[in-house]
Amino acid sequence: MASEESSGTINLVSKEGDIYEVPFAVAKMSKLVETMLDDDLDDENEAQEIPLPNVKAAVLQKVIEYCSHYQTEPMTPIQTPLKSSKVEDLVQNWYAEYVKVDRVMLFELVTAANFMDIKPLLDLTCLAVSVMIKGKTAEDLRRIFNISNEFSPEEEAQVREENKWCEQPGP
Amino acid sequence: MEDMPWQERYIINGYPSRTRKRFHESPLAGDDDNDNAQHQMRQRQRIMTANDDNHQGESTSRSGSEARDKKNVAGVAKRLSMENEDDDDSEEELSVGQSCSCYSNSSDDYSEEGTNEYDGDLFDLLPDDVLGKVLFSGYVDTIGLIKSLSCVSKRTQRVAKETVKMLDLHGCKQITPEIMENVVTKFENVSTINLNYCTQFSGDHLLKMVPWSKTLQRLHLRGSAVKNGEFQKFLTSVEKHIDGPSRLKEIDLSAIAKDGKLRIQDCDVIQISNSCPNLTWLRLGFCSGVTDASIQSLGRLRCLNTLDLSLCTISSESCETLSTMTTLKSLDVSATRVGDVGIRKLFGVTSKSPTSVIAPSDLSASVVVSPSRTNNKDTPMRESRLEILRMQFNYDFSADTLRLIVNRAPMLRKLDLSHCTGLDKDESKPSLRALKRNGTVIVDEYGASGIAKSSPHSVSRRRSNSLETL
């Protein structure tokens, strides 16, 4: 039914309207794309177009980069409890480098991975965020993620008192 | 702006280095909104001094997240309009809430210099469920979670309350009942809690967990100080709280010291059988207060897969009940008084009459039919579905009974015979060989031997969160 040129690729359309042509196997990593593919059987001669209005072009590029590389080198699954707090110890080098992006991009990747339903990418990006978070106090976290402190001094003191037991030597 | 779906909100947000340059070059447009002007001034300052890790986040007066968002969008939207040559809207007229649908910077390489241009709350980029996934998927340890993560903002507190399902507090000997109560209010949907080796944990602590009755499924209290009758009390409270049987699926009440006799007793076990119909996994190791009297009640648990009764005060009498529990896949009766008779009963032989031996060569991996079953009148036709059997320190265990196991347990993947000193080495050799050929791993005091077969009926793996594995 499909012609030879189009049978191998899918067109993913970013929020801005840019079209990225990706092979079937790569696109299918996204469960969202996969479900949309099955429904649309109208185009026989052209590669199907899947609009992704929530994903910016730059983010989509990164996502496609991940999925493409995954075909050649599948990422080692991330399992809890984590053996190490360093990303390099848990996944291959390429993936460890892949998540070395700035915070905004990382968060946008999380959102894109969630929206497009790509589990390995979501795991990886969540892991990268957790590495950023680990060991930091609430104040550090507010600073890093630019969150304003909504607690009054009394509330803060109360929370600190409640959590005092966490400071004591545990396991 | 607040009505906008969260996706649109983040799409408007500014982007990296290209934006920055142009922003400095173009003057700020005049605003109607005084707030916006101030906000943009702040933005400029922030961008000029920002660097990746030490984002100083001058939290200037922000009146609350809603107002903040408004300002964010206004400021960011303005920035975008300035960067875009093709933009239809003029800088001055761009108002809050208008989405910039026509900016295109797709051809630019994304700069990885790491300057955080977005000056708003980064967590705002994510909706609640994604934030929950990011923060609370279990990558951050529980103490860190409680201490820091959930205290970052009111929003993370709320998301934590709803999302956190697993708490790992093993070894936290400093937890008091009050602390427990506090933890329970902080997290409403906990289904798994690991309190192994919390040697101070008692009935008082337990009762504080009753509010979790609806969601709690896995309760690990190995080595705790829960005394005689206290677990029974806990379970009756749980039942009262949800007006029905408890949802518990996994319970570990093993003791780690000789005073196990003071801990879990028969009354607690009977209560477990009554109140936890969904129980699949139960460990009562070293609970010397558990005797034959309560094992019969365990037969009522129709879903039980895994049962650990090592070092309990049980004898061969219990094995009759155990043999009727067809859902049992893993059983540990190490260091108990079940003896040889008990194991025979376990596999359906109630009398001591010898079963005829099956030559090892007749055994195949898939089919086990033992002619002896039809000969012996007192043996049931049923085969055992046991996959893992541990019977260390069973001094009476004989080669005869081992032969019985070979016939009756086709799905056996692991057999632990450590310290079964009564087992004659020569007599048992053929049976052991047969078992190994069938894929069973034999464990003795020298280690494991045999190649495990991949069993299609393997016991479902629990999430491993530093919880004891079988």
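The values are calculated or read from the model by the stated rules, or taken from the named source; none is laboratory data. A quick note: this is a predicted structure, and the numbers were derived from the prediction, not measured. Positions of Cβ are backbone-derived with ideal geometry, glycine not excepted, and every protein chain shown enters the neighbour counts.
On the stretch given as the range B:132-158, residues that are at the interface with chain A (Cβ under 7 Å from one of its Cβ atoms) and either assigned to a loop (DSSP other than H, G, I, E, B) or among the acidic types (Asp, Glu) (or both) total 7.
Among the candidates B:Val349, B:Val338, B:Val333, the residue that is at pLDDT below 90 and farther than 15 Å from B:Gln232 by Cα is uniquely B:Val349. For the range A:145-166, the set of residues classified as part of a helix (DSSP H, G or I) and at the interface with chain B (Cβ under 7 Å from one of its Cβ atoms) consists of A:Phe145, A:Val159, A:Glu162, A:Trp165, A:Cys166, listed by residue number. Residues considered: B:Thr313, B:Thr326, B:Thr321. Of these, the only one that is touching a strand residue (DSSP E or B) at 6+ places or on another chain (Cβ under 6 Å) and modelled with pLDDT under 95 is B:Thr313.
Annotation note: Cβ proximity below 8 Å between a residue of the range A:153-165 that is more than 18 Å from B:Thr156 (Cα to Cα) and a residue that is in a helix (DSSP H, G or I) (sequence gap 6+ or interchain) occurs for A:Trp165/B:Ile179.
Looking at the range B:171-197 only, could you name the residues that are in contact with a Cys (Cβ under 9 Å, 6 or more places away or on another chain) and more than 9 Å from chain A (Cβ to nearest Cβ)? The one that is in contact with a Cys (Cβ under 9 Å, 6 or more places away or on another chain) and more than 9 Å from chain A (Cβ to nearest Cβ): B:Leu195. B:Glu317 meets all of the listed conditions (1) farther than 23 Å from B:Gly203 by Cα; (2) within 30 Å of the chain's Cα centre (by Cα) but one, namely (2).
Which ones in the range B:180-206 are outside any loop (DSSP other than H, G, I, E, B) and farther than 24 Å from A:Thr80 by Cβ? Even if it seems obvious, please write down each step before you answer.
We begin by selecting, within the range B:180-206, every residue outside any loop (DSSP other than H, G, I, E, B); these are B:180-186, B:192-194, B:203-206.
Across the range B:180-206, the qualifying residues are B:Glu181, B:Asn182, B:Thr185, B:Gly203, B:Asp204, B:His205, B:Leu206.
Just the residues that are assigned to a helix (DSSP H, G or I), more than 8 Å from every other protein chain (Cβ to nearest Cβ) and either among the aliphatic types (A, V, I, L, M) or surrounded by fewer than 21 Cβ atoms within 10 Å (Cβ to Cβ) (or both), please, taken from the range A:97-114. Break it down stepwise before answering.
Of all residues in the range A:97-114, those assigned to a helix (DSSP H, G or I) come to A:97-98, A:103-114.
From what is left, the residues that are more than 8 Å from every other protein chain (Cβ to nearest Cβ) are A:97-98, A:106, A:109, A:112-113.
Once the filter is applied, which keeps residues that are assigned to a helix (DSSP H, G or I), more than 8 Å from every other protein chain (Cβ to nearest Cβ) and either among the aliphatic types (A, V, I, L, M) or surrounded by fewer than 21 Cβ atoms within 10 Å (Cβ to Cβ) (or both), the range A:97-114 yields A:Glu97, A:Leu106, A:Leu109, A:Ala112, A:Ala113.
For A:Met29, the conditions (1) touching a strand residue (DSSP E or B) at 6+ places or on another chain (Cβ under 8 Å); (2) not in a helix (DSSP H, G or I) all hold with the exception of (1).
Only one of A:Glu16, A:Glu34 is more than 14 Å from chain B (Cβ to nearest Cβ), charged (D, E, K, R) and surrounded by 13 or more Cβ atoms within 10 Å (Cβ to Cβ). Can you tell me which? Going through A:Glu16, A:Glu34 in turn, the sole match is A:Glu34. Scanning the range A:55-96 for residues that are without any contact (Cβ under 8 Å) to a residue 40 or more places away in the chain, within 22 Å of B:Gly138 (Cα to Cα) and assigned to a helix (DSSP H, G or I) yields a total of 5.
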